[in-house]
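**Q** This is the structure I want to talk about, given as structure tokens.
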Amino acid sequence: MSKAAIHWVGGPVLRADVKGPFHVHEAVSVGVNELLGEVIQLDGEQLVAQVYEDTTGLKPGDPVTGSGLPLSVPLGPGLLGRILDGLLRPLAEESVHFYAPGTVGQRGGRFHFVPLADTGETLAPGAFFGRIVREGPTMRCMVPPNVSGTVESIVDEGEYAETDTVCVLIADDGRRHELPMGHMWPVRRPRPVQKRLSPEAPMVTGQRILDTLFPVARGGRAALPGGFGTGKTVLQESLAKWCDADVIVYVGCGERGNEMAEVLDEFPGLDDPRTGRPLMERTVIIANTSNMPVAAREASIYTAITVAEYFRDMGLHVALMADSTSRWAEALREVSGRLGELPGESGYPAYLASRLAEFYERAARVRTLAGEEASVTIIGAVSPPAGDFSEPVTSHTKRYVRSFWALDRARAQARFYPAINPLVSYAEDVDVLARWWQIQGNPDWRIHRQRILTLLEQQEKLERMARIVGKDALPAEQQLTLLCAELLNEGFLYQSSFSPIDRYCSPERQSAMLRLLMHFVDRSAETLAAGAGPEAIGEVPVLRRLRRLGEELPEDDPEEANRLWTAVDRELGEINTGGDQHAR
Amino acid sequence: MRGDLTLTGAVRRIEGPLLYVKRSASVGLNEAVQIIDSEQRQRVGRIAALDEDKMIIEVLESTTGLGLGDTLIRLRAEPLVFPVGPGLLGRVFDSVGRPVDGGPPVPAERRMRIDGLAINPTARALPRDFIETSVSTIDLMNSLVRGQKLPLFSCGGLPHDRMATEIAQRARLRGGEAGEFAIVFVGIGVPHDTAEAFRTAMESSGALEHTVMFLNRADEPSTQRLLTPRFALTAAEYLAFTEGRHVLVILTDMTNYCEALREVSASHGEIPSRKGYPGYMYSDLATLYERAGCIKGLAGTVTQLPILTMPGDDIGHPIPDLTGYITEGQIVLARDLDRKGVYPPVAVLPSLSRLMDNGTGEGYTHKDHPNLAHQLFAAYARATRVRVLASVMGMEGLSDTDKRYLKFGDVFEDELVKQAGPRTLEESMEIGWRLLRVLPEAELSRLSDAQIERYIRQEAELA
Ligand SMILES: Nc1ncnc2c1ncn2[C@@H]1O[C@H](COP(=O)(O)OP(=O)(O)O)[C@@H](O)[C@H]1O
Ligand SMILES: [Mg+2]
């Protein structure tokens, strides 16, 4: 192991005089407490490293020891259901109240291993040699992507520790690889795949405004920008709870400790709507809260995507929620500042854009090395200063994502959730995803989606006009348009994450709600054409039911949908036949 | 621990708050030092950066009067600590934790790092205990819970100090026993009268013996201003997590703290970020605000009520903006309400309590509380939109419904926001239901049929 001695130290950054070879991005151990660090620059006889822990007490002369390996994290079956720090070390158990440098817990745990390969078999990189019997997503053990060889020995079925060798491979060059159930992988190096595939199906989120208006594909990338308090975290958590991924990697990057506590408090008690299993079983939480060391905040995003790719390589669909990518960018800026690099826009280093691109590029639907179809979907929250989307992190992110969910302060202040502004947000994979909805039995998805967006756009235009001439002066059709747009907002787009009935909405229920609301839009237009006034239409009692549709139409209740459908027909019909009895 | 070590004649250069010192002994980053001048006056400092033969000491007080030759540096071989112990309550300290009330020093039972340690996220208990502040716009609309950090975003000249004082006097848990409580008042660069007014108020309500005060005067150097909240929060943590008390920390004015941070950063020659504030201001503020919370298995809690004045009344200014990204909501005060004579002048729409959902509703406050609040928010938001409409084209073009919204907006401010004295949550809720009766029933889509029946129809009949 190469050695160096600290020469200068300030904040999380140090310079050391080297005595032996080091590499950029090599993991190092620093000082007597063996703090974890990473080489970020080499300059003649000196190296510059960032340290992932509190540097209090470090001093010149303290040793820096190279690991010979790039900064890597231990991947393995012990990750699921856990909360870990930005470098995948388990956070200490509850009884340790304060997170002092070095107080990380033990990962430990034993797993039931079933061999899937035989002695003498040749295994390619990424091939499966075992599986783990446990509740939750199917976990398999694979040959690291940079290793292959012939099985010299493999253990029998049984309980093993995560670090026990379970399989021994002899590579072509004669090297012996002792494989435990998991393996180490460098965080900054994307894990290889056979092939990248184009998007095909949506990642179903259970949030109507997303699935119906601004879907994200499996293997897609979405950004969620918004000022403070507009609902980024609640939405990210809702997606983590209800989306149809097999594994969730949730990274709290520079955000609140209480939010991590909340996830830990809530998830174990909630069930995955598809499998009925506790949500925690499919979740990995990576926490680097705002008061934890800044450099580890920078690494935590890479750690998270590496974990996501690892589960992807088992043939799973993985969703990565990153809250917030802006804090990661700020960590980059802070370290760059300490290195005295030339600042670019808003003080961010010039390489900000390429780092963002590299990160989002790691989301994809792929054919894995083992030949399976799998995906990593990234949902990144962005926290623009003063909610201004023209700032560097938001504007660069926008270039690399395909779904853009813009949160809006005015909607949030009216407590209209999710506060996504439908006129600013977009999704680029709609054409492809329409086919999926067709297969699901909703051939009208695309048309309905288009109609809602048009209505919402007209609403904005008409409201602007009404501001000049007065609402009463608008022609009847336009007044009806306003009524219908308002109805779609209230009855369809509004969805509270805290409502036990409405926090999740299956695609079937979304289709049913949409059909019902569109039925009202069509029938009311006919009623108007037949001579009824918009006021009379606005007073039919069923409107209250439709405005509260999210609360009133539960999952799997086609009867209720039918009842409301006939109520729409009847009540609007009664206006037509001159029946005045519903006007109060 | 190594013993203290004293260096003489080692200072090479003094530049703003920084001393460039020849390093002849082994010291570590961030460790505390004492700087002793020719008149034996002691100042506090810490090691900001060091290499093999130099170190940079940040003097955390004024450098006035320091010389090169006659300054002594005493190395403490540990980070800055605050010796705390029983008997903190009722005392008054200066910026750096020295008693200024003429009393004896506090017995040092524990020497705690003033920077604190991050609370282990797995050890955090979710804050859920509703605190009744007796302010309707907080209790009903933006509820505060124990262990929350909820700042007041104010503007110069608004009655934020009065509000904070009243909250400190009245805050209580509903029903159950209140436990031991304590109040930590942290005056950061505020005028003497502000601190004195607070002290008198606490005295008159008999809470002074539960109060600790930390006072940083407006004329003290900025480096010192950065320490005051750290000493105070260390005391708060001791009171909460060692003595088991429920501690409410009032920090005023955090804008002065941020200005000091900007000044110190500039003196270090750092590259500024937005509006000259350092790029790490978010992380720095987080190290203060994240010290609020509840811990599993420990009796006490730390609740923070920071106050800041928004420069230029602009909520987008980096100080309120970064604060809002860290704290669990914000209570925003508005000048126009104040001008209209509304006290407390809380702008309800931009205010938010992120922990409200944890601490209200069935089993916490009242099962209909959350829906009532949501409906009031939706209606008041609509009312403010109609107001804009009406201001453009007058009342004539408004529909009947819109006119009723306009009315709702006015009574909401006059009867719910404005209050002459304290109110219980029940009283606030009662006003809320009454105001909603101004609107057509069909508009109340956040309320269930049962809620409409019970609170809108039946109550209307009774009235
Ligand atoms: N989808 C939602 N459903 C219900 N309430 C929400 C929703 N989104 C946000 N909120 C409310 O808004 C508050 C702030 O949301 P949060 O996600 O913490 O904002 P951000 O992360 O953007 O700062 C939450 O505490 C919650 O009360
Ligand atoms: Mg958030």
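**Q** Residue by residue through the stretch A:52-68, what is 3J(HN,Hα) from phi via Karplus (6.51 cos²θ - 1.76 cosθ + 1.60, θ = phi - 60°)? Round to whole Hz and write x for glycine and proline.
**A** Using θ = phi - 60°, the values come out as 8, 9, 4, 8, 3, x, 5, 8, x, x, 4, x, 10, 10, x, 9, x Hz.
**Q** Tell me, what is the Rg over Rh of chain B, with Rh the Kirkwood radius over Cα pairs?
**A** 1.05
**Q** OK, next. Roughly how big is chain A's charge dipole about its Cα centre, with Cβ charges of +1 (Lys, Arg) and -1 (Asp, Glu), in debye to the nearest 20?
**A** Details: 61 positive and 80 negative charges, 208 e Å.
Around 1000 debye, computed over chain A.
**Q** With every protein chain kept in the model, how would you rank A:Thr212, B:Thr309 by accessible area, 1.4 Å probe, largest at the top?
**A** Numbers: A:Thr212 0, B:Thr309 25 Å².
Largest accessible area first, the residues go B:Thr309, A:Thr212.
**Q** Using amide H atoms built in the peptide plane, which far-off residues or other-chain residues are under 5 Å from B:Leu144 H to H?
**A** Hits under the 5 Å cutoff: B:Ile131.
**Q** I'd like the carbon and sulfur percentage of the solvent accessible area for the stretch B:188-274, probe radius 1.4 Å, heavy atoms only, ligands and nucleic acids excluded. It would help to have the intermediate numbers written out before the result.
**A** Values: 1510 of 2930 Å².
So the carbon and sulfur contribution to the accessible surface is 52 percent.
**Q** In debye to the nearest 20, how big a dipole does chain B give about its Cα centre with +1 on each Lys and Arg Cβ and -1 on each Asp and Glu Cβ? Could you put the intermediate results ahead of the total?
**A** Working: 52 positive and 62 negative charges, 155 e Å.
In debye, rounded to 20, chain B gives about 740.
**Q** Give the long-range amide H neighbours of A:Val24: residues separated by 5 or more places, or on another chain, with amide H under 5 Å away, using H modelled in the peptide plane at 1.01 Å from N.
**A** Amide H neighbours of A:Val24: none.
**Q** If you don't mind, there's one more thing I want to ask. For the stretch B:235-302 and the stretch A:1-41, write down the distance between their C-alpha centroids in whole Å.
**A** Each part's Cα centre sits 30 Å from the other's.
**Q** If you take the alpha carbon radius of gyration of the stretch B:369-462 and divide it by 2.2 N^0.38 Å, what ratio comes out, to two decimals? Kindly include the intermediate steps, with their values, before the conclusion.
**A** Numbers: Rg = 13.6 Å, N = 94, 2.2 N^0.38 = 12.4 Å.
So the stretch B:369-462 has a normalised radius of gyration of 1.10.
**Q** Please give the solvent-accessible surface of B:Lys407 in Å², to the nearest 10, using a probe radius of 1.4 Å with every protein chain present.
**A** Its accessible surface works out to 110 Å², give or take rounding.
**Q** Show me, for the stretch A:273-284, the HN-Hα J-couplings you get by feeding each phi into the Karplus relation (A = 6.51, B = -1.76, C = 1.60, θ = phi - 60°), rounded to Hz, glycine and proline as x.
**A** x, 8, 9, x, 8, x, 4, 4, 4, 9, 10, 10
**Q** Can you tell me, using C-alpha contacts under 8 Å and at least 6 residues apart, the relative contact order of chain A as a whole percent? Can you show the working numbers first?
**A** Numbers: 1231 pairs, mean separation 72.8, N = 584.
So the answer I get is 12 percent.
**Q** While we're looking at this one, here's another question. Wrap a convex hull around the Cα atoms of chain A, take a quarter of its surface area, and give that in square nanometres.
**A** Numbers: hull surface 119.6 nm².
If I average the Cα hull's projected area over directions, I get 29.9 nm².
**Q** First check a/c for the stretch A:195-428, with a ≥ b ≥ c the square roots of the eigenvalues of its C-alpha gyration tensor; if it is under 1.5, answer rounded, and if not, answer prolate when a/b is larger than b/c or oblate otherwise. Don't skip to the end; give the middle numbers.
**A** Numbers: a/c = 1.37, a/b = 1.22, b/c = 1.13.
Judged from the Cα gyration tensor, the stretch A:195-428 comes out rounded (a/c under 1.5).
**Q** Sorted by packing (mean other beta-carbon atoms within 10 Å per residue), highest first, where do A:420-426, A:297-303 land?
**A** Working: A:420-426: 18.4, A:297-303: 27.1.
Listed from highest to lowest mean packing, they are A:297-303, A:420-426.
**Q** Show me, for the stretch A:253-265, the HN-Hα J-couplings you get by feeding each phi into the Karplus relation (A = 6.51, B = -1.76, C = 1.60, θ = phi - 60°), rounded to Hz, glycine and proline as x.
**A** Those phi angles translate into 10, x, 10, 7, x, 5, 5, 5, 4, 5, 4, 5, 6 Hz.
**Q** For chain B, calculate the relative contact order in percent as a whole number, restricting contacts to Cα pairs under 8 Å that are 6 or more residues apart. Show your work: numbers first, answer last.
**A** Numbers: 921 pairs, mean separation 73.0, N = 463.
Value for chain B: 16 percent.
**Q** Report the Stokes-Einstein translational diffusion coefficient (µm² s⁻¹, integer) for the stretch B:1-96, Rh taken as the Kirkwood radius over Cα pairs, at 4 °C with viscosity 1.567 mPa s. Intermediate values should be presented prior to the final figure.
**A** Details: Rh = 14.0 Å.
Answer from the Stokes-Einstein relation: 93 µm²/s.
**Q** A follow-up question, please. Go ahead and estimate [θ] at 222 nm for chain A from helices alone: -39,500 (n - 2.57) per DSSP H run with n ≥ 4, summed, over the residue count, rounded to 500.
**A** Values: 15 runs with 183 residues, N = 584.
One gets -10000 deg cm²/dmol as the mean residue ellipticity at 222 nm.
**Q** Additional query: How big is the protein assembly as shown by the Kirkwood estimate over distinct Cα pairs, in Å?
**A** Numbers: mean 1/r = 0.0322 Å⁻¹.
In the protein assembly as shown this quantity evaluates to 31.0 Å.
**Q** Past 21 Å, Cα to Cα: identify those pairs from A:Lys241/B:Lys149; A:Lys19/B:Lys22; A:Lys3/A:Lys59; A:Lys471/B:Lys403; A:Lys3/B:Lys54, in the order given.
**A** A:Lys241/B:Lys149; A:Lys19/B:Lys22; A:Lys3/B:Lys54
**Q** Okay, moving on. Over both sides of the B-A contact, add up the buried accessible area with a 1.4 Å probe and give it to the nearest 100 Å².
**A** Details: alone 19740 and 24330 Å², together 37680 Å².
Between B and A, the summed buried area is about 6400 Å².
**Q** Which residues' amide hydrogens lie under 5 Å from the amide hydrogen of A:Gly219, considering only partners 5 or more residues apart or on another chain, with H built in the peptide plane?
**A** A:Val376, A:Thr377
**Q** With a 1.4 Å probe and all protein chains left in place, how much accessible area per residue does the protein assembly as shown have, in Å²? It would help to have the intermediate numbers written out before the result.
**A** Details: 37680 Å² over 1047 residues.
Value for the protein assembly as shown: 36 Å² per residue.
**Q** Tell me which of B:Ala182, B:Gly157, B:Thr194 sits at the most positive position along the dipole axis of the stretch B:103-215, charges placed on C-beta atoms (Lys, Arg +1; Asp, Glu -1).
**A** B:Ala182
**Q** Still on this structure: Once the stretch A:110-186 is represented by equal point scatterers at the alpha-carbon sites, with solvent omitted, what log10 I(q)/I(0) does the Debye formula produce at q = 0.10, 0.13, 0.24 Å⁻¹?
**A** Each listed q maps to, in turn, -0.20, -0.33, -1.12.
The values are calculated or read from the model by the stated rules, or taken from the named source; none is laboratory data. Owing to the predicted nature of the structure, the values given are computational and were not obtained by experimental measurement. Don't worry about glycine lacking a Cβ; one is built from the backbone with ideal geometry, like all the others, and counts go over all protein chains shown. For the accessible areas, the whole protein counts, side chains as well, though only heavy atoms, and no ligand, DNA or RNA atoms are used. Shrake-Rupley method; radii C 1.70, N 1.55, O 1.52, S 1.80 Å.
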